[in-house]
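Here the structure comes first, spelled out in structure tokens, and everything after it is commentary.
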Amino acid sequence: MIRATSKEENFLTEYTDGDHTAFSDAPENHGGAGANFSPSALLEAALANCMNITARVYAQSHGLSLGEVETTVNLDRGQAGSTMEYQIKWSEPLTADQEKRLHAALGGCPIHGILSHPVAFKLKQD
């Protein structure tokens, strides 16, 4: 569970899971300071980090050396829905079959799984 708390500065928000704490705010063009990740960037970061970790876990469990892994994600908002565009690169060479299997393994990223299905919202009452 994440708890977000407003701070005194315009739109600055502290969030915590109880063990870790960080900040987000709105971009400057929306009245924030733009000094921290925006909520949209945090969504992109969640997927990029999850896919990066998933690739490395897969590689480790299959004896593959990837070297440095770089994952980029861009949220493309469209009228009919949004698309999460991603790219993943690694510094060590793989065979075509190893690449194919690694790309397939990215579907096992938990955040990818969540975002691949409809998401409902429910207001929790105390």
Taking the stretch 23-38 and keeping only residues that are surrounded by 13 or more Cβ atoms within 10 Å (Cβ to Cβ) and out of contact with any Lys or Arg (no Cβ under 8 Å at 6 or more places or on another chain), one is left with Ser24, Asp25, Ala26, Pro27, Gly32, Ala33, Gly34, Asn36, Phe37, Ser38
Within the stretch 53-85, residues modelled with pLDDT of 95 or more and small (Gly, Ala, Ser) come out as Ala55, Ala59, Ser61, Gly63, Ser65, Gly67
The residue from Pro118, Pro93 that alone is modelled with pLDDT under 95 and either over 15 Å from Thr71 (Cα atoms) or touching a helix residue (DSSP H, G or I) at 6+ places or on another chain (Cβ under 6 Å) (or both) is Pro118
Subject >> Residue within the stretch 50-62 that is more than 18 Å from Pro110 (Cβ to Cβ) and either in the same structural domain as Asp97 (by TED's automatic domain parsing) or touching a strand residue (DSSP E or B) at 6+ places or on another chain (Cβ under 8 Å) (or both) present >> reply: yes
Scanning the stretch 63-105 for residues that are touching a strand residue (DSSP E or B) at 6+ places or on another chain (Cβ under 7 Å), touching a residue at least 24 places away in the same chain (Cβ under 8 Å) and over 19 Å from Leu42 (Cβ atoms), the one surrounded by the fewest Cβ atoms within 10 Å (Cβ to Cβ) turns out to be Gly67
Exactly one of Glu70, Glu99, Glu92, Glu44 is acidic (Asp, Glu), in a loop (DSSP other than H, G, I, E, B) and not assigned by TED's automatic domain parsing to the domain that holds Tyr15, and that residue is Glu92
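The values are calculated or read from the model by the stated rules, or taken from the named source; none is laboratory data. All of these numbers come straight from a predicted model, not from anything done at the bench. All Cβ positions, glycine included, derive from the backbone under ideal geometry; neighbour counts span all protein chains shown.
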